[in-house]
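The values are calculated or read from the model by the stated rules, or taken from the named source; none is laboratory data. Here the structure is a predicted model, which is why all the values come from computation and not from measurement. Ideal geometry is used to build each Cβ from the backbone, glycine not excepted, and the neighbour counts take in all protein chains shown. Accessible surface is based on the protein model in full, side chains and every heavy atom, while ligands, DNA and RNA are left aside. Shrake-Rupley method; radii C 1.70, N 1.55, O 1.52, S 1.80 Å.
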Amino acid sequence: MYVSYRWLSRHVDLTGISPEQLCDDLTLSTAEVEGLERFAPHLSDVVVGSVLAREKHPDADKLSVCTVDIGQGEPATIVCGAPNVATGQKVAVATPGTVLPGDFKIKKSKIRGVTSAGMICSVSELELGDEHDGIWVLPDEAAVGVPVADALGVDDWVIEIDNKSLTHRPDLWGHRGIAGELGAIYSRALQPLCFEMPAHGQATPYPVQIESEACSRYVALPIDGARAQTSPDWLRWLLLAIGQRPIDLLVDLSNFVMLDIGQPNHTFDRQRLSDQGITVRMASAGETMQTLDGEERKLQPSDLLICSDTQPVALAGIMGGEGSKVGDDTKALLLEVATFDATTVRRTSSRLGLRTDSSARFEKSLDPTMPMRAAAYFARLLQEIQPEVSLPAAPTDAGDWTDPAHSLMLRTERVRQALGKPIPDEEIGDILGRLGFVVEAQNDGFAVGVPSPRATKDVTIERDLVEEVGRIYRYGNIAERVMTADVRPPPPDERRVFVRRIQDRLAGSAHFHEAIGYSFVDDDLLEKLGMLSLPHVRVVNPANQGQDKVRRSIVPSLLSGLETNRRRLSDVRLFEVGKGYLPEHSNDRGEPRERHLVGLVLAAPPPGKQATFDADGFTQLYGVVTDLLDALGLEAPEWSAGEALPSWAHPNKALCARYPDHDEPAVILADLEPGLAPAFGLSGDLTSDVALAEISLDALLDAPRRGSRYRPIPRFPGIKVDVAVALPTETPSASVVESIIKAGKGSVADIELFDLYRGESIGADRKSLAYHVLLQSESRTLTDKDERKFLKRFEELLGELGADLRGGSG
Amino acid sequence: MSQDLEATLAEAKQKILACESAHALKDIERIYVGKKGVVAGLLAKIPGLPAAQRRDAGKTANQLKQAVLQAVTARQGELASSEIEAQRSGAGFDATLPPGRTVRGSLHPITQVTRELEDLFQSMGYQVLDGPEVELDYYNFEALNIPANHPARDSHDTFFCEGDGHLVMRTHTSPVQVRAMERLEPPYRIVVPGKCFRQETTDASHDHTFHQMEGLVVDKDISVAHLIGAMKTLLRGIFGRDLEVRLRPGYFPFVEPGFELDARCPFCDSGCSVCKRTTWIELLPCGLVHPNVLRAGGLDPDEWGGFAFGLGLSRLVMLRHGIDDVRHLLGCDLRFLEQF
């Protein structure tokens, strides 16, 4: 909201208070000032000139050469193109060096051979209006040589107040309200304003019928003898200062009343209304009306209408109708000043996307005592400008309203306690009094009368009064205090501990980079993954088309940027800790099941022929995940070939880790489904070996913990034995490991696979596995004899598997 | 020792001194004192000597051996120290060659700042809580004293979820206030980091998803003075020094009185682009918990009070690293992520 400093000073004496000071004080006590700007700064540079002579330009038909007294020695010669320039006029002159709006710098220049020392300005050149068909003619009394702003007394400052900080203050949506705050801050009284209804005739009052509770009060005042005219300068300048374009007296006055005392109002051309009077009712389904902006509006039964007889003439509190608006020929007016239900106005205006100055005010719950005062104020102002205006009848005051003014008990000790400052009773009473509250001392505090403008919504409980005292007292005057309490360590939060360890492990030794993705997932991405038809929590008003779904899982988000990352890097390692939502598992309150997940992606060029057997992404990521579970102190899970896999997983190269007593797999680890690679741009140069994993934190929290007992350091040296085994491709390596353990008869301390080979030398359909085996005893030093026994038993066991020992050495 | 042997020793010493490598030195040593060396030759001859000479011959052969070995050891020492000298000269060292590359991962800057704050708060007895991103309308609005049709709802630019309208994407971390009150026994202090959502047009300074940290203290006899103290401590923790602060009225329906806390811009003295030339930066909306919110959480406002605050984590991260486009934060572009 824009507020004019000069306008404020009509209501409260601002002597000695600079605009900057005022803004700081408003910010610290009332509402955030977002900006302070000088009104039309160029009006302080442009000076008043008097046209002494006007002659035709010798070389151009449409130009005149004017001699203008600008109060500085010799009169200036100025070439002017406007048809209305005339001798004896007072005009606005921009002298060389002046910068006009649009960064337009005035220079001394030759125009068709005549040197022009400046420019006589039009209204539009000074950005004060649209009229550009002639120069701006100033009033005769303007003093020559003085800056125009001073000569006209329109020097002003425009203050912008953050609307959000006024949401709860219906009383501050006009200059008088803000002036009231300044009065309280500076202890200065408001200038009195007369709200008494002028004399009126005895005609039958205008008929008004209210059929809806959404209108609690409707004041209708017929006005005769008004005529269209340009508003007087004082009014125009005030409107201009806050960025309102002056239009015509009746429109300007209606706006002025709203901007001055915060009460919206509407003027109808009475001749265009039916004799049946005004009916206020809810719209019926399918009804339409054309609003002032020319739009045809489709209405709903929740919209409140002002009707002339049955015909809608205004969307209550939002905008008038095209059919009944005042025009140049309007003589008989009907002034509407009403109180409409905040919610009704808000709902309709947001549904129609039609926010107006009026609706913004009604939404805040306006004071129902205002309409009659505002009607009187309007009538008085109009009569001051057009004395012939008369009121044929008494105003109609319809509706069932009650004065919201009420009384609250304020325990002054509560004020001191909540603010943490020993403010004496007298000071509390004084502050409240300055703010317009009626204060009466009672036992341990005050009975506080809340005046109607503050009582509609804002000040309803004792605590609200604490704020009133605090903000005027100034929070800056309250010294900080240290809280004292028994500080106990918070209960352990295992999930948080897990998350931190996982992040540290991944970003550390596993050198993964952490990403945080959006919770919304693109339809395009889901479509690619074939996940579009899964149930998702969806928002009805997405920020972008095709982004209405809340993710179930983290992995898809990690896949989305893979192509860009791979283009730059051969080794992409990303993880994210985040949440997924499953709407099909909602609880009885309707909350979807929340999953806490960790997603990982590892992508690199496919390993070359010379690469070691464990260089592929899957094996690497398997290692990372296993290490992670170990680092969390969990028992090793049961790994098995994946089933019921998500669509991103390779159907035949996937593993699931499970823990007892938890249905959901703790880890799903897989290569990317091969068919998806092209869709993610991972073909040609970017062909990649992509391994993915999703870890369920919920499952990990349920997992059994590994003991953390120390293992004694072996007392006797062990023997290292390397074995290489050739076996059918489909025989699992686990069976070899089993045989090693069995053959060792309790002496196998460690087994490490160090080679996996498939090739012609060992025959088709066969593979070779090579292991380092450590044999160790707790009671003696093992010897060559033990090694030979081990190898012999091992070879026998391999025979049962259809495998051969290709070599064994210590 | 005979003259012959004297000459042999002199010759050996000369060779040893002239020797430039440990390897060559070994060879020389072998020639003189090896199994088939000069000394061995002398000793081999002893049995053929008259008995009276044997004793002396053995003695002189041994003297020769000792003398050669001594010379070799001395030369070995010299060679070793000249080797160290040579290493020490560092010939070929280029001080401008780059350091070796280490492979590393990274934590997201939001994670980093969240952790710092969690640690700071935990050290002051706060408990870290979590809340859902898909939230009930009740906790996001209703319980926070923002009933249906309250005008403050408009400014929240809420993403509404499909269904009967009781689910929203939480617009702030504040819903955890009442969730916490329902669960915990007062007094308590909590912070809640997490994602929030606002349906607004995305640009360099606005994203529809951002991170916040909520704080809530519930205790007896909590005042604005305590709030100011706690916020100053918090800022000291964040910026590592004392910043002048000011508290001004701010309207949030779930606090009363409500404030905006501004801090003196830590990046300038006289106005910069961060503080929009005002020298103040708006950092923390805060206030005393509204009695209605305490009631919604099952607490008696005459017995319990508290304060609450909200910290913009995304904004803090941007300030800290000078990030000029909020959209970099969320997503998986490694060009951004690997910098942290």
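Could you go through segment B:279-299 and let me know if any residue there is touching a residue at least 60 places away in the same chain (Cβ under 8 Å), in a loop (DSSP other than H, G, I, E, B) and aliphatic (A, V, I, L, M). Within segment B:279-299, one or more residues are touching a residue at least 60 places away in the same chain (Cβ under 8 Å), in a loop (DSSP other than H, G, I, E, B) and aliphatic (A, V, I, L, M). Scanning for something buried (at least 24 other Cβ atoms within 10 Å of the Cβ), more than 34 Å from the chain's Cα centre (by Cα) and among the aromatic types (F, W, Y), does segment A:362-384 turn up at least one residue? Yes. Note on segment A:70-99: residues that are part of a loop (DSSP other than H, G, I, E, B), of a type in the set (G, A, S) and closer than 26 Å to A:G153 by Cβ total 5. In summary, B:R335 fulfils each of the numbered conditions (1) assigned to a loop (DSSP other than H, G, I, E, B); (2) free of Cβ contacts under 8 Å to residues at least 12 places away in the same chain; (3) out of contact with any Gly (no Cβ under 6 Å at 6 or more places or on another chain) with the single exception of condition (1). Here the condition is being open to solvent by 30 Å² or more (accessible area, probe 1.4 Å), in the same structural domain as B:V178 (by TED's automatic domain parsing) and over 20 Å from the mean Cα position of the chain (by Cα); of B:R320, B:R327, it holds for B:R327 alone.
On the stretch given as segment A:589-620, residues that are open to solvent by 60 Å² or more (accessible area, probe 1.4 Å) and within 14 Å of another protein chain (Cβ to nearest Cβ) total 3. Looking across segment B:164-195, the residues that are under 24 Å from B:A148 (Cβ atoms) and among the hydrophobic types (A, V, I, L, M, F, W, C) come down to B:L167, B:V168, B:M169, B:V176, B:V178, B:A180, B:M181. Considering segment A:462-482, and only residues there that are facing another protein chain (nearest Cβ under 9 Å), touching an Asp or Glu at 6+ places or on another chain (Cβ under 8 Å) and not basic (K, R), the residue that is nearest to A:Y186 (Cα to Cα) turns out to be A:E467. Among the listed residues A:K56, A:K107, identify the single one that is farther than 29 Å from A:W237 by Cα, open to solvent by 20 Å² or more (accessible area, probe 1.4 Å) and among the basic types (K, R). It is A:K56. Here B:A225 fulfils each of the conditions (1) out of contact with any Gly (no Cβ under 7 Å at 6 or more places or on another chain); (2) small (G, A, S); (3) surrounded by fewer than 21 Cβ atoms within 10 Å (Cβ to Cβ) apart from (1). Being touching a Lys or Arg at 6+ places or on another chain (Cβ under 6 Å) and either more than 9 Å from chain A (Cβ to nearest Cβ) or part of a loop (DSSP other than H, G, I, E, B) (or both) holds for only one residue in B:L243, B:L216, and it is B:L243. The number of residues in segment B:219-240 being within 33 Å of the chain's Cα centre (by Cα) and outside any helix (DSSP H, G or I) comes to 1. Restricting attention to segment B:131-168 and to residues that are in a loop (DSSP other than H, G, I, E, B) and open to solvent by 50 Å² or more (accessible area, probe 1.4 Å), the residue that is modelled with the lowest pLDDT turns out to be B:D164. Do we have A:D150 as open to solvent by 40 Å² or more (accessible area, probe 1.4 Å), not hydroxyl-bearing (S, T, Y) and not in a helix (DSSP H, G or I) here? It is false that A:D150 is open to solvent by 40 Å² or more (accessible area, probe 1.4 Å), not hydroxyl-bearing (S, T, Y) and not in a helix (DSSP H, G or I). Taking first residues from segment B:189-213 that are over 13 Å from B:L313 (Cα atoms) and partners that are open to solvent by 20 Å² or more (accessible area, probe 1.4 Å) and in a strand (DSSP E or B), the Cβ contacts under 7 Å between residues at least 6 apart in sequence or on separate chains come to B:R189/B:Q127; B:I190/B:Q127; B:E200/B:H206. Annotation: A:T456 fulfils all but one of (1) closer than 25 Å to B:Y251 by Cβ; (2) assigned by TED's automatic domain parsing to the domain that holds A:N255; (3) of a type in the set (V, I, T); (4) in contact with a Leu (Cβ under 8 Å, 6 or more places away or on another chain); the unmet one is (2). Please verify whether segment A:61-69 includes one or more residues that are part of a strand (DSSP E or B) and open to solvent by 50 Å² or more (accessible area, probe 1.4 Å). No: zero hits. Filtering segment A:758-798 to residues that are open to solvent by 50 Å² or more (accessible area, probe 1.4 Å) and part of a helix (DSSP H, G or I) leaves A:E760, A:S761, A:D784, A:K785, A:R788, A:K789, A:K792, A:R793, A:E795, A:E796.
Considering segment B:1-96, the qualifying helices (runs of 4 or more DSSP H), each wholly inside and each with 3 or more residues that are basic (K, R) and surrounded by 12 or more Cβ atoms within 10 Å (Cβ to Cβ), run over B:51-89.
Within segment B:317-340, track down each residue that is of a type outside the set (K, R) and at the interface with chain A (Cβ under 8 Å from one of its Cβ atoms). Matches in segment B:317-340: B:L329, B:L330, B:G331, B:C332, B:D333, B:L334, B:L337, B:E338.
Tell me yes or no: at least one residue of segment A:748-756 is touching a residue at least 40 places away in the same chain (Cβ under 8 Å) and either outside any strand (DSSP E or B) or over 15 Å from A:D722 (Cα atoms) (or both). Looking through segment A:748-756, none of the residues is touching a residue at least 40 places away in the same chain (Cβ under 8 Å) and either outside any strand (DSSP E or B) or over 15 Å from A:D722 (Cα atoms) (or both). Output the number of residues of segment A:153-203 satisfying the condition of being open to solvent by less than 10 Å² (accessible area, probe 1.4 Å) and among the acidic types (D, E). Count: 2. Whenever a residue of segment A:274-291 is closer than 9 Å to A:D309 by Cα, its partners that are open to solvent by 40 Å² or more (accessible area, probe 1.4 Å) and acidic (D, E), lying with C-beta atoms within less than 6 angstrom and at least six residues away or across chains, give the pairs A:S274/A:D309; A:Q276/A:D309. On the stretch given as segment B:234-286, residues that are of a type in the set (G, A, S) and either outside the structural domain of B:R153 (by TED's automatic domain parsing) or at positive phi (or both) total 2. Scanning segment A:521-571 for residues that are facing another protein chain (nearest Cβ under 7 Å), assigned to a loop (DSSP other than H, G, I, E, B), buried (at least 16 other Cβ atoms within 10 Å of the Cβ) and in contact with a strand residue (DSSP E or B) (Cβ under 6 Å, 6 or more places away or on another chain) gives no hits.
Select from segment A:574-586 the residues that are assigned to a strand (DSSP E or B) and more than 7 Å from chain B (Cβ to nearest Cβ) and write down the one among them that is most open to solvent (accessible area, probe 1.4 Å). Among those that are assigned to a strand (DSSP E or B) and more than 7 Å from chain B (Cβ to nearest Cβ), it is A:V577.
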